Amino acid sequence: MSITVKDVAKRAGVATSTVSRVINDHHSISPATKKRVRKVMEEMGYVPNKTAQNLGKGSANAIGVILPPLDSKERLGNPFYLEIIEAINEEVHQHGMATAIASARNFENLLHNVQQMHLQRQVDGFVLLYSDQSDPIIDYLTANHICFTLIGQPYREEDKISYVDNDNQLLGKHATDYLIKNGHKLILFVTNTTKEILYFERYFGYQKALMLAGLETFPAVKLQNPEDYMRFGDILTETQATAVVVIDDIFALRVLQLAQLHNYKVPDDLSIISFNNSIFATLMHPYLTSIDVAIQELGRRGIQSLIDQLKNQDQQTTGVRIVIPHELVERETVRDINGNQT
């Protein structure tokens, strides 16, 4: 037979309302009474009903994690999301809370899922794991005054939205500077996405590095359709590029395979550098030179930022920007054309 609040109250010699207040750590109960009731709870093996406890506090005691629309194999298989969810789960657990995932194939269904989670009070706030130009989720969260933190940089209202991100423009510049340092002068930027803000920021950083070095910049090479892949070899021939900066690791592996298909050997004929330093960076030879974006730290600081908002909902606050440092990890896909291979 399960132990109830009434059983605990009878054994402790207090009212059931007193036991409920002890469970919720209410300030009206003296420390001595709390200690006595908690001792009885422990002796009897009573476990509080979390759902009822949260309803009493007006809290779900859970965080909603919103994934981007999983509309491609690249997104479905991207280890970035698995790694950051693991970090989020660990940090949320430290605060005695739980996580709930919102995912869908498109923005319409994703918005519906988020609305249901909010209206049914399944979560106290949200963490978004992406920043997309056509995203309706942020509009909904903002209009309804729902606490949220963004992993990434918002497209608008940066002063009102709390977000955690790397300096993606600096990442793009750092990657390009590294290729320039290794003697490369004709460098391309290759991507399979043009909507997420990290694309714009990393591409701007690429352009900045080349312009500061007095070198030619090129339009981004956008590989999004079958005909784009077919033209990749022609683009390399036309530009005489010796190196490419690729939007992320998982797509960099496809670019590596595509280069080899067009008879370009990596890194002898074409050097490649990418971002995230994911597990994919060491799944194929040659191993990818990549910039580590500290995914674990992004997730951890994102949760801390959200919990700070939840604790201070009564206060008028402005958006907070948290920048996470990055680190370049040298491996095998960048050749020093001045004479050394790295």
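Please report, as a whole percent, how much of the solvent-accessible surface of the chain comes from carbon and sulfur atoms (probe radius 1.4 Å). Each step should come with its number before you reach the end.
Details: 8440 of 17330 Å².
Looking at the chain in its full context, I get 49 percent from C and S.
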Total formal charge among the other residues, if their Cβ is under 13 angstrom from that of Asp234, Lys/Arg +1 and Asp/Glu -1: -2
Of all DSSP beta bridges having both residues in the chain, the percent classed as antiparallel (nearest 5) is 15
Listed by chain and number, the residues whose amide H is under 5 Å from that of Leu188, excluding neighbours fewer than 5 places away on the same chain and using placed H, are Ala243, Val244, Val245
With bins 5 Å wide starting at 0, give me the P(r) of the stretch 19-161 over every alpha carbon pair, in whole percents. 2, 8, 16, 17, 16, 12, 8, 7, 6, 5, 2, 0
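Taking every eigenvalue of the Cα gyration tensor of the chain, multiplying by 5 and rooting it, what semi-axes result, largest first, whole Å?
Values: eigenvalues 514, 75, 62 Å².
Here the semi-axes work out to 51, 19, 18 Å.
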Which value, in nm² and rounded to one decimal, describes the direction-averaged projected area of the C-alpha convex hull of the stretch 82-223? 10.6
For the pairs Lys73/Lys195; Lys181/Lys265; Lys6/Lys39; Lys73/Lys265, note any where the Cα-Cα span goes beyond 19 Å. Lys181/Lys265; Lys73/Lys265
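Counting helices only, and only those DSSP H runs with n ≥ 4, report the 222 nm mean residue ellipticity of the chain as the sum of -39,500 (n - 2.57) divided by its residues, in deg cm²/dmol to the nearest 500. Spell out each step's value before the answer.
On the way: 13 runs with 152 residues, N = 342.
After summing the helix terms and dividing by residue count, I get -13500 deg cm²/dmol.
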Please work out the ratio of the alpha-carbon Rg of the stretch 104-166 to 2.2 N^0.38 Å and round it to two decimals. 1.07
Hey, if you put +1 on the Cβ of every Lys and Arg and -1 on every Asp and Glu Cβ in the stretch 75-146, which of Leu119, Ser134, Gln94 ends up farthest toward the positive end of that dipole? Leu119
Cα-only Debye scattering, the stretch 217-310: base-10 log of I(q)/I(0) at q = 0.18, 0.21 Å⁻¹: -0.82, -1.02
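Nothing charged except the Cβ atoms of Lys and Arg (+1) and of Asp and Glu (-1): what's the magnitude of the dipole of the chain about its Cα centre? Round to the nearest 20 debye. Show your work: numbers first, answer last.
Working: 33 positive and 40 negative charges, 365 e Å.
That gives the chain a dipole magnitude of about 1760 debye.
Leaving out ligands and nucleic acids, note down the accessible area per residue over the chain with a 1.4 angstrom probe, in whole Å². Don't skip to the end; give the middle numbers.
On the way: 17330 Å² over 342 residues.
Result: 51 Å² of accessible area for each residue.
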Which of Ala60, Thr149, Ser20, positive extreme of dipole for the chain (C-beta unit charges): Ser20
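The values are calculated or read from the model by the stated rules, or taken from the named source; none is laboratory data. Remember, predicted model here, so these are calculated numbers, not experimental data. Note that each Cβ is placed from the backbone with ideal geometry, even for glycine, and that neighbours are counted across all protein chains shown. Protein only, heavy atoms only, side chains kept; ligands, DNA and RNA dropped before computing areas. Shrake-Rupley method; radii C 1.70, N 1.55, O 1.52, S 1.80 Å.
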